[in-house]
Amino acid sequence: MSAEDTAVVFVHGLWMTGLESFALRQHVLVHRGWRWRTFHYSSIGQRQDDVVTALDQTVRGLEAPRVHLVGHSLGGLVIHRALQRAPQWPPGRVVFLGTPSLGSDAAARFRALPLGGVFMGHAAEALLDPVPRTWSVPRELGIVAGNDAFSFGQVITHFGNEPNDGTVSVAETRLPGATAHLILPVGHTGMLFSTEVAQQACAFLDTGRFRS
C-alpha cells in the first residue's frame, strides 16, 4: 500500500478550528506522505450526534483504503463515539491527544459558572458525562497526555498534586482498553505545537507503538 492510500483525519477540540494542528499536519504530509483532512465542526452550535454523523460522512467520502484518526481533547470523544457507530470504516489506528476520556472536571466546573453552559455548547456534553468508558473498538489506540500544568484550566480546577496538562488530568486520559499511553511535558493546547508530540503521534499511527 502506497503512502497516498493512507489518509489522516484530525478532529479538533472545544473552541478550536483545526488550524492549530499545523505541526502534526507537517509531519504527516512531509515525513509520511499521507493524505490529510481536517474535520471541522462547531463545538458550540452542533449537537454531538450531528457531529458524529458528519464525521462518518467525511471518512466515507475520502474513499481511502486506510484511514487514521487523531483527536485533540473533545475531538477524541467525537472519534470514539463515531467508531462505536461505524465499525465498517477503513482500517487504521487512532491517537488521542489530551482527551479526557473519563470526563472532564474542568469542563464540569466551567459549565457551572454563569453563562458557562452557553460557552460550552452542545457538542461538549460528552466532556460532562462521567459514565465509565472503555476502548472496545477493534483499532489500536495510542493516548498522549501532558503534565505541564500551566493553562487557563488551572484557574477553574485545582488538581492538587495530580499530574495534569493544565486543563485535563493524566488520570482523566487513561481509557481502559487503549493500546499505549504516553505522558509528555506539554500543556493541553501546547501539545498541538510540539514537535515531539507530532513525531510520537505519527510513530504510533505508522507502527502501533510510541517511540521509546
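Read-outs: derived from the displayed coordinates by stated rules, not from any lab. Since the structure is predicted, the reported quantities are computational estimates derived from the model, not experimental observations. In this analysis, Cβ positions are derived from the backbone assuming ideal geometry, glycine residues included, and neighbour counts consider all displayed protein chains.
Would you tally the net charge around residue 34, using a Cβ to Cβ cut-off of less than 13 Å, leaving residue 34 out, and scoring K and R as +1, D and E as -1?
+3
For residue 63 and residue 171, what does the FRET efficiency come to when R0 = 45 Å and r is the distance between their Cβ atoms, rounded to the nearest 0.05?
0.70
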- Surrounding charge for residue 203, neighbours by C-beta under 13 angstrom, Lys/Arg +1, Asp/Glu -1, total +1
- Message: If R₀ is 30 angstrom, what is the calculated FRET efficiency for the pair residue 147 and residue 17, using the beta carbon separation as r and rounding to 0.05?
- Response: 0.70
- Task: Run the quick spin-label model on residue 84 and residue 195: label points 7 Å from Cα toward the beta carbon, then report their separation in nm to one decimal.
- Result: 3.9 nm
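Could you tell me which of rounded, prolate or oblate describes segment 24-73, using a ≥ b ≥ c as the square roots of the eigenvalues of the alpha-carbon gyration tensor, with rounded for a/c under 1.5 and, failing that, prolate when a/b is larger than b/c and oblate otherwise?
On the way: a/c = 3.12, a/b = 1.64, b/c = 1.90.
The shape class here is oblate.
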- Item | Prolate/oblate/rounded call for segment 1-102, Cα gyration tensor, a/c under 1.5 rounded | oblate
- Item | Long-range HN-HN contacts of residue 95 with modeled amide H, under 5 Å | 69, 70, 71, 142
- Once phi is turned into ³J(HN,Hα) by the Karplus curve 6.51 cos²θ - 1.76 cosθ + 1.60 with θ = phi - 60°, what whole-Hz value does each residue of segment 196-208 show in order, with x for glycine and proline? 4, 4, 4, 5, 5, 4, 5, 4, 5, 4, 7, 10, x
- Message: Starting from 0.36 nm per residue, how many nanometres of slack lie between residue 211 and residue 40 once their C-alpha separation is accounted for?
- Response: 58.6 nm
